[in-house]
Amino acid sequence: MPGKDIKSMTRDELAGEIASLGLPLFRAGQIFDWLQVRGVTSFDEMTNLSKDLRASLAQRYELRFCEVVRRLESKDDTVKYLFRLIDGECVESVLMHYKYGYTLCVSTQVGCKMGCAFCASTLGGFVRSLTASEILSQIHAAQRDRGVRVSHVVLMGMGEPLDNFDNVMRFLDLVGDEKGLHISMRSISLSTCGLVPRIYDLMDRQYPLTLSISIHAPNDEIRSRIMPVNRRYPIDELLHACRDYADRTGRRISFEYTMIHGVNDSDACARELAGRLRGMLAHVNLIPANEFSESPYARSGADRVERFAEVLRKNGVNATIRRSLGSDIDASCGQLRLHSKKEVDLP
Ligand code: SAH
């Protein structure tokens, strides 16, 4: 019977646990530091605790962590990881080096239920959600592997973060804790395919993070074809929630638009999208679709992407084209797990 997941406990919860064992409060502080800042992978590494205490913690609690299974390094200093979790399941993370520091793209689920037609993460179906500790552990494992400090986090890896709401909120509380990794909410982006009720739940938290919406189409006809979630929460409802979010939080929404050849990349699509977004505190990020062998879709050409951006701008909408990092290492999410499965028969 595995014990409680100690690394998912908030500082207060851990203090309560440690008090219930009859230990002094400073022990909770030491343990929190080992777990959250140093990201140890065993109680034995907690060298300022007695051997007995380490052993009794190990008996009582479960310590979740990530192990590097594969590491792909790109020429542009992007590193893609395949991490193994303690039950043998695997997730991907991507470490990107920008002028302002290191950003880690983390996964929130093993697989995904959302079924977007162009996405590799969804192909093997949904396996399970990650715990807060497992989302954190991706940061710890990448930091340890490279000897760097991650300053920015994007929840844009495998899985739908708002479909794992409670654990993701717990992760945000832990990663922002001043005694933990202390990563500012302003340095965190959360990307969703558009689970409208959960967008309102997130709004209630008033976190100053950046909300990214995977919009990918200007109307229900195209969006429902490539994103099944749109049949449940159509584009008007989604954009209504986005307007409320921007109004309530004062934060600009970032819209992700994956450009797929012949599907959503016409001038008419750009004009229609601009019409829908006009007047909103918004920004559109255009991403040429990543191709992979199981996908029937091709990416839009560079000229088409430029032209699409221009039409958006002419129609009053902020737009940029995402610089693609790590394209030589299949860096987009879901592909490494998918392909490793075939090669080495991972679980
Ligand atoms: N489930 C969340 C976050 C994970 S995906 C979401 O949907 O936002 C991160 C981003 O990558 C999303 O915008 C997703 O639509 C996009 N994406 C998925 N597959 C892609 C592909 N093959 N090419 C380009 N972008 C892709």
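Every number in this text was worked out from the coordinates using simple rules, so none of it is lab data. This structure is a prediction, so every number in the text was calculated from the model and none was measured. Here the Cβ positions follow ideal geometry from the backbone for every residue, glycine too, while neighbour counts run over all protein chains shown.
A few comments on the model shown:
- Gyration tensor verdict on the chain (Cα atoms; rounded if a/c is under 1.5, prolate if a/b is larger than b/c, oblate otherwise): prolate
- Sparsely packed chymotrypsin sites (Phe, Trp or Tyr not before Pro) within segment 159-221, loop by DSSP, other Cβ within 10 Å at most 11: none
- Per-residue Cβ neighbour counts within 10 Å put Ser300, Ser8 in the sequence Ser8, Ser300, beginning with the fewest.
- Mean separation of Cα contacts under 8 Å (6+ apart) over length of the chain, as relative contact order %: 16
- Cα gyration tensor category, rounded, prolate or oblate, for segment 62-123 with a/c compared to 1.5: oblate
- Rounded if a/c under 1.5, otherwise prolate or oblate - segment 215-298, Cα gyration tensor axes: prolate
- Working note: Karplus 6.51/-1.76/1.60 with θ = phi - 60° gives segment 108-119 the couplings 10, 9, 8, x, 7, 8, 6, x, 4, 5, 9, 10 Hz, where Gly and Pro are set to x.
- GNM result for the chain, Cα springs below 10 Å: residue of Val153, Val263, Val175 fluctuating most strongly: Val263
- The lysine pair tally for segment 66-343, using Cα distances under 27 Å and a gap of 8 or more places or different chains, is 10.
- Selection from Ser133, Leu162, Asn315, by position along the positive dipole direction of the chain (Cβ): Asn315
- Antiparallel DSSP beta bridges within the chain, percent to nearest 5: 45
- Taken as entire DSSP H runs, the helices of the chain never both span 24 Å or more between Cα atoms along their own long axis and average 0.5 or more on the Kyte-Doolittle scale.
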